[in-house]
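In what follows, a single structure is set out as structure tokens and then discussed.
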Amino acid sequence: MSHDLCVLGLGYIGLPTASIFATRGKKVLGVDVVPRVVDTINRGEIHIEEPDLDVLVRAAVHSGNLRAALTPEPAQTFVVAVPTPFRATATNPKAPDLAYVEAATRSIAPVVAAGSLVILESTSPVGTTELMRDWLFDELAKVRPAEVAALRGSLLFAHCPERILPGQMLKELVANDRIAGGLTPAAAEAARDLYRIFCVGEIFLTDARTAEMCKLTENASRDVGIAFANELSLICDKLGIDVWELIKLANRHPRVKILQPGPGVGGHCIAVDPWFIVDAAPEAARLIRTAREVNDAKPHHVIERVKACAARFRSPTIACLGLAFKADVDDLRESPAMDIVQHLAADNAGRLLVVEPHVADVPAALRGRVELAALDAAVAAADVVVLLVNHREFLPFDRRKLEGKAVIDTRGVWR
Ligand code: SAJ
């Protein structure tokens, strides 16, 4: 039996997407290469934290419309939602790594059918959808050579990037506008008709290359905006000005909308995607590269400030509040807070107490080097308090508990 959809990659994007299609009556096979992930989902449970995702996945699995497996099966539509990380090359330490996209694409060659729609959702460098088509036909030539000519005329390829914000994924999955970029207009239209099943936002048709660049541009735009705020924070430190007050006042101008400075930019999107533009056009992408460098340098600035404060105490205790890459999520990947705490530990800056309400254990990278503590206990014991993530648990805070301590508030929430 052919499924309606086969979704490859059951992570932060693939799992909600597969589940929402399933709850809208589509027969969905979710594919992941990790057996533990497949087993977890088939029990109706989840392996990642995202508000309400557990309810959605349980409903999808229990309806009988979503099943997970290790290998693809025949389907009308294939959605590739696998990671696109970095890979160091001889000329570029941050070149895009398309190995997962290539492997997922090649894996559908045995099961793809005439007229199938193949969608790339993963954030990808410009030209990846074309590469995807080429990889698929290269694989088809090996495994089903007699059918290549017929399939070449009928397969449809499109890029439909996701835009959902971690922490608000399910709301944004349904509500956000989308871009459907086809290798042909027919492919874009077919992709639009598919996402129309659950997407109530507008769906705009374009070509695949524009859609690829559009996704990268959105995240690069946010990165440049945050870099502006982070640069302001460095300038304000030197000039003795409160950057948060400054930004609040500047934003009262009707056409000014400055973002917020912080300890750096984390997550697996904004700190990664702009490099795909730099890689494609290194000479032209000057501002985009500089923004990345400004944001990547920010954790080091925080580390130096913490070490300078700690140096004032004989055997300092430092409370680090938050490890996640941003507020109210459990995701520690590419987290500037993790980076800062790891450096403080490596530099023996002091006894390190870490408060992270979203993790149960000390992460492997910090094991044996920091102690996990409750908020009040950590602050009471600390000489230096460093607020790294503006988790909601840290916001209503009795400032009197900070009296006599050195405080570094990287998010400006305790002003
Ligand atoms: N940050 C700041 N200051 C700000 C805003 C954010 O320092 O004013 C930091 C955060 O603390 C975090 C990082 O930037 O470390 C990124 O957080 P985010 O909330 O801006 O974005 P992500 O990475 O969670 O999600 C982004 C979103 N992209 C845009 O807003 C343009 C989301 O819509 C995308 O779907 C997602 O990337 C993705 O998957 O590409």
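The values are calculated or read from the model by the stated rules, or taken from the named source; none is laboratory data. Every value quoted in this text rests on a predicted model; they were computed, and no experiment measured them. Note that each Cβ is placed from the backbone with ideal geometry, even for glycine, and that neighbours are counted across all protein chains shown. Ligands, DNA and RNA are stripped out before the accessible areas are found, and what is left, the full protein with its side chains, is counted by its heavy atoms. Shrake-Rupley method; radii C 1.70, N 1.55, O 1.52, S 1.80 Å.
Quick notes on this one:
- Residues in the range 202-236 that are open to solvent by 30 Å² or more (accessible area, probe 1.4 Å) and free of Cβ contacts under 8 Å to residues at least 24 places away in the same chain: 221, 235.
- Some residue of the range 145-164 being within 18 Å of residue 81 (Cα to Cα), out of contact with any Phe, Trp or Tyr (no Cβ under 7 Å at 6 or more places or on another chain), of a type in the set (Lys, Arg) and open to solvent by 50 Å² or more (accessible area, probe 1.4 Å): yes
- Set 395, 388: member being in contact with a helix residue (DSSP H, G or I) (Cβ under 6 Å, 6 or more places away or on another chain), within 16 Å of the ligand (Cβ to nearest atom), within 20 Å of residue 233 (Cβ to Cβ) and among the hydrophobic types (A, V, I, L, M, F, W, C): 388
- Looking across 273, 242, one residue alone is among the charged types (D, E, K, R) and open to solvent by 30 Å² or more (accessible area, probe 1.4 Å). It is 242.
- All conditions but one from (1) open to solvent by 10 Å² or more (accessible area, probe 1.4 Å); (2) part of a loop (DSSP other than H, G, I, E, B) apply to residue 345; the one that does not is (2).
- Those residues of the range 353-374 which are in a helix (DSSP H, G or I) and more than 14 Å from residue 343 (Cα to Cα), in sequence order: 364
- Residues within the range 379-400 that are more than 30 Å from the chain's Cα centre (by Cα) and at pLDDT 95 or above, tallied: 6
- Any hit, the range 99-112, residues being over 20 Å from residue 12 (Cα atoms), crowded, with 23+ Cβ neighbours inside 10 Å and within 16 Å of the ligand (Cβ to nearest atom): no
- Residue ID - surrounded by the most Cβ atoms within 10 Å (Cβ to Cβ), chosen from residues in the range 377-415 that are within 12 Å of residue 356 (Cα to Cα) and not small (Gly, Ala, Ser): 388
- Residues in the range 245-270 that are more than 11 Å from the ligand (Cβ to nearest atom) and surrounded by fewer than 16 Cβ atoms within 10 Å (Cβ to Cβ): 10 in all.
- When residue 379 is tested against (1) more than 16 Å from the ligand (Cβ to nearest atom); (2) closer than 14 Å to residue 299 by Cβ; (3) part of a helix (DSSP H, G or I), only condition (2) is not met.
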